[in-house]
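J.: Can you read through this structure? Questions will come right after.
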Amino acid sequence: MNSNCTTIFDPKNPGHGKTFNFDLAYWSHDGFLKDSNGLLIPDNADSRYADQKRVFCDLGQGVLNNAWQGYNATLLAYGQTGSGKSYSMIGYGANRGIIPIICEELFKAIQNNQDKTKQYQVTFSMLEIYNEQVTDLLSKTKKAGGLKVREDQQQGFYVDGLKLVPCESYSQIERLMEQGAKIRTTASTSMNASSSRSHMVITIQFKQLFLEEDITKQSIINLVDLAGSERQKSSGSEGDRLREGTCVNLSLTTLGNVISALAEAAMGKKVLHIPYRDSVLTKLLQSALGGNSRTIMIAAVSPADICYEETLSTLRYAERAKKIKNKAVINASPTEKLIRELKAENNKLLTRLSALGNSGKKVEEDTKELRRLLTENELRIQAIQITWEHQLEEARREWEQQYAAITQERRMMQSFPYLLNVNEDPQLSGVLKFFIQEGTCDAGQSPSNAIILRGLGISDKHAAFINVENKVTVIPCGKSKVVVNGVPIIIKTKLQHLDRIILGSNSAYLYIGFPSERNNDDISKYDYDFFHSELAAAEGFSVDTLGPADGKPDPSVLAVFHDYIKAMPLVADANQMSKDLSKDLRFELEVKNLALSDSRGNDLQKEIVVKVSNNTTQQVWVWSKAKFINRKYLMEELYQRFIGGEEVGADKESDPFWDPIEVIHLGSAHIWLQSLAYGMKLEEQTELLNSEGKEEAILLINIIPCSSSGKPLGEDDIVIDPLELLGRRIDFQLHSLRCLGVRWVKEDANRGIQIGYRVYDLPCTVNTKPAWKNVNPRIEDKLQFTAPNASHEFLNYLQKNALVVDLWGLQEGCTELDWSLKDIKLTTEGHIVIDGIKPFPSNSHILDTNNYLSELYLKLLKLEQETELLRDINRALRGENLFLKESQKKTDREPQEGYTKSALPSTHAASAKKGPHTAPSSRENMQVCNSRTSYDADFAKALKAFYQSMNTIRGHFLRLRHCRPPVCIHFEHYQKNIK
């Protein structure tokens, strides 16, 4: 980021960058330090770090200036969860965001502009939009189905019944925001809703009344913290048969459509329709998006590699929004004129009502609508005529009650231990406090409990907290789930200061001990991720289990661990909803490719998946992360209807818990093909290992070099150098004899398996016929593969790659894998063709034809030069071999005189005793020749055995790479056992 320019680079292609230009671009990832007051400030004069003060001066001050001039102003924060939207808007601790600073500066300016001829009125409202339902965050009473959004001719869309609180100081707004955060936390816990999926809208209505001119200047300031943008991508992802409910992502999707339509209109394109009415959010922000408002969008992005796609999407989104041009006007109008207009409209409504009655027609719906509009206008007239002082007086009475409650809470914090809530959203952590007074405090859903809890998996009476003699203990009630410091407990357990407690599915709390135990502790490190990292570690899952133990894990491993921790509470919620809805499904997190590698032995990319098991039928599914998240949101909608008393017996086609039965990938094995490069047979007994490196079965497989007719090759066909096979036809057979000890079938005798081969350049996996209901099934399929003209690449593949054998699990009702070979090229004999002619590049813009031919010509020329060199070496070796043979024959025919015992070969030692001039007999000469010939034969056999041994050892070594070392036994203990 540099000034107003932002450049993003693809981690997979670092040289490929995209540049975007905006009005301002801020860097806030590093280059800062914390001062004595807790403020984050640039660490030096040259630091590019942008602190909260700088952001407010550039953006927030402009919003305030617009408000004083009478313009409507809107500030939107858009981006993926965790990118910094809430930090920019609300802030944390001493680092306050734009919203609180705007409110404080507004009242400072009012104080400095006091005048008898002017009156200032500030009203504050705070709402949340979740699943297309509007919740008033300042009202203690919750309306079923949320508040309704209605439309008025004068003010456009508005929320009917939304509480507007008059304020006369910033401290009052501060308390209102705290109250809103509490209600938002309680609501999200009760509904099992993530705050990252909801929009928060704070609206400040600022009126300036000029008493002498009888003029009202009004500004509406909308401050919007949007839901996480990445939620759009999970909708219907990866071919899931179910799409996310229309309400889940409707607001963000519609917002994108509105911005795109407005951007096209701003560029002069003809736009027939702008879909404001398609969602609640765009209805309420219609004026802000394309009408009478000066609007700013903050696009928050993450610098992490794994967020590249989402960051790029956000930048493109903001680029479109930047093209929109609004026409804002000053909102100044005579107050009396407004009242007259409303009364005139009421008279028209009364006339229409009387006309309906006089005509004798009973139009019930029209009558209701007219009466509703009439009532609304009367209420607006009353609201205008009620004095501002009267509204403030009512608000002050509420302030006094809230202040008494806040004072009481602070007093109890200094006297008793308590539970402090920890939320996925840092903005909502530390909002709720549950005090543990002396004696026994029962906790649970029931209103009769001293501590009333909400959330998935919370029983009516869930746990008992006992405060006796300055000691606090907790004991679960019945089978209720209580986890302390990552470990589930079933008996009474003593609590220590800063212990981490999880109740039910995912209600997380930090235990704050007695005042005497507290020491200015930094509790910020005990966030939501800390709780679940601790839980994962207790279950044996950590970064060390994902990567090498002797080195720092690579970023992909850290990304998988991060995904695992984030998905843990979602899986826990899904299990609880399955239990409450009697779906009988169990969800488990797994890491795909944890211990698997590709055909060259390189680790495959790891990612999390969710294994879904039916406890009754033993059926199994494996869902990707995106599919699981999609389904989890649909489960939430179904669960909300369930707790609302609705009938949820949906048919299976629309049931998010149901899926068709599918084939499951159980594991893989690698058969190294180096022996084929030398024309040698391979008989292998190999383990089929699952994703975690555990044995699923043992496979007996033969790889047999053969002729085109299928006849196995003999020892005479073995080659010393694989290059001898270059350009020749190579045939070999794959014969899986048997699968032993299939764990998949052991677990359920009605299951079956299939074997799949991934060979070189074949476009798809070659599968064997299915074998059902047998723990040790015979696999009688014998497949022959043919390389018509062995290429250099294919020979290289044989020497350095492995045949990947996949084990697939079949279940009753699933569709078996195709084994017909219909999509695979075959020879006239019915053999599978591999290493065929490579397709010529068809796209001229990718590779020029001439360049391609030139490249092929150079490769061919290089191969010819290498072949000629090999021929020269071969000719020289043959000449040397002939020379040695002639020398040997000459030596055998004309033995030199004067042999001594020491100079003779050991086989001639006996004949040397006959005398110095006695030559060896012909029989002895034959023995010498046979001995030398046998040495050559033995050497060739030893060389073949060496290649076979090295091939086997290589395969074992690559398997051992993924095996965990056994638990070490102490040497003295081992020695004692030996004795």
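The values are calculated or read from the model by the stated rules, or taken from the named source; none is laboratory data. Worth saying up front: this structure is predicted, and the values here are computed from it rather than measured. Glycine also receives a Cβ, built like all others from the backbone with ideal geometry; neighbour counts cover every protein chain displayed. Calculation scope for accessible area: heavy atoms of the full protein, side chains included, ligands and nucleic acids excluded. Shrake-Rupley method; radii C 1.70, N 1.55, O 1.52, S 1.80 Å.
J.: How do 89-96, 694-701, 707-714 rank on mean C-beta neighbours within 10 Å, highest first?
T.: Per-residue Cβ counts within 10 Å, averaged per peptide and sorted highest first, yield 694-701, 89-96, 707-714.
J.: Can you give the FRET efficiency to the nearest 0.05 for residue 319 and residue 538, using r as the Cβ-Cβ distance and R₀ = 30 Å?
T.: In this case the efficiency is close to 0.05.
J.: Please report the projected area of segment 541-635's Cα convex hull averaged over all directions, in nm².
T.: 7.1 nm²
J.: Just list whichever of 85/322; 579/694; 148/627; 711/769; 142/283; 694/746 have alpha carbons separated by over 26 Å in the model shown.
T.: 579/694; 148/627
J.: Around residue 403, under 13 Å between beta carbons, what's the net of Lys plus Arg minus Asp minus Glu among the other residues?
T.: 0
J.: Sticking with the crude label model, points 7 Å out along Cα→Cβ, report the distance from residue 477 to residue 870 in nm, one decimal please.
T.: 8.1 nm
J.: Calculate, in nm to one decimal, what residue 413 and residue 490 gain on full extension: separation in residues at 0.36 nm each, minus their alpha carbon distance.
T.: Taking residue 413 through residue 490 to full extension adds about 24.9 nm, to one decimal.
J.: For segment 615-652, which GluC sites (Glu not before Pro) pass both filters: DSSP loop (anything but H, G, I, E, B) and at most 11 other C-beta atoms within 10 Å?
T.: Sparse-neighbourhood loop GluC sites (Glu not before Pro): 646, 647.
J.: Points 7 angstrom from Cα along the Cβ direction at residue 94 and residue 330: gap in nanometres?
T.: Between residue 94 and residue 330, the simple spin-label model gives 4.1 nm.
J.: Next question. Quick one: which of 675-683, 511-519, 434-442, 448-456 comes out on top by average Cβ neighbours within 10 Å, and what's the full order, highest first?
T.: Averaged packing, sorted descending, gives the order 675-683, 448-456, 434-442, 511-519.
J.: Right, here's the next one. Could you pull out the pairs from 583/773; 108/327; 108/182; 270/625 whose alpha carbons sit more than 32 Å apart here?
T.: Beyond 32 Å: 270/625.
J.: On to the next question. How large is ³J(HN,Hα), in whole Hz, for each residue of segment 578-592 in order, when computed from phi with the Karplus curve 6.51 cos²θ - 1.76 cosθ + 1.60 and θ = phi - 60°, using x for Gly and Pro?
T.: 4, 5, 5, 8, 6, 8, 6, 10, 10, 10, 9, 7, 9, 10, 5
J.: Let me ask you something else. How much length, in nm to one decimal, is gained on full extension between residue 826 and residue 440, taken as 0.36 nm per residue of separation minus their Cα-Cα distance?
T.: Stretched out fully, the residue 826 to residue 440 stretch lengthens by 131.1 nm.
J.: Let me ask something else about it. So what is the accessible area of segment 621-671 per residue, in Å², with the probe set to 1.4 Å?
T.: Each residue of segment 621-671 exposes 41 Å² on average to a 1.4 Å probe.
J.: Within 10 Å of each candidate Cβ there may be at most 12 other Cβ atoms; applying that plus a DSSP loop requirement, which GluC sites (Glu not before Pro) in segment 741-800 survive?
T.: Taking segment 741-800 and a limit of 12 other Cβ atoms within 10 Å, the loop GluC sites (Glu not before Pro) found are 780.
J.: Let me cross-check residue 651: its accessible surface, 1.4 Å probe, with only protein heavy atoms counted, in Å² to the nearest 10?
T.: 90 Å²
J.: Please state, as a whole number in µm²/s, the translational diffusion coefficient that the Stokes-Einstein equation yields for segment 629-727 at 20 °C and 1.002 mPa s, with Rh defined as the Kirkwood radius across alpha carbon pairs.
T.: So the translational diffusion coefficient is about 113 µm²/s.
J.: Sort 764-771, 142-149 by the packing proxy (mean of other Cβ within 10 Å over each peptide's residues), most packed first.
T.: Packing order, densest peptide first, comes out as 764-771, 142-149.
J.: Local charge sum around residue 751 (other residues, Cβ-Cβ under 15 Å, Lys/Arg +1, Asp/Glu -1)?
T.: Net of charged neighbours comes to -3.
J.: In nm, give the distance between the simple-model label positions of residue 818 and residue 886, each being 7 Å from the Cα along the Cα-to-Cβ direction.
T.: In this crude spin-label approximation the distance works out to 6.5 nm.
J.: Just to verify a number: FRET efficiency for residue 118 and residue 389, C-beta to C-beta distance, R0 = 22 Å, to 0.05?
T.: The formula returns an efficiency of 0.90 here.
J.: What does the charge count near residue 262 come to, summing +1 for each Lys or Arg and -1 for each Asp or Glu among other residues with Cβ under 10 Å from its Cβ?
T.: Result for the local shell: +2.
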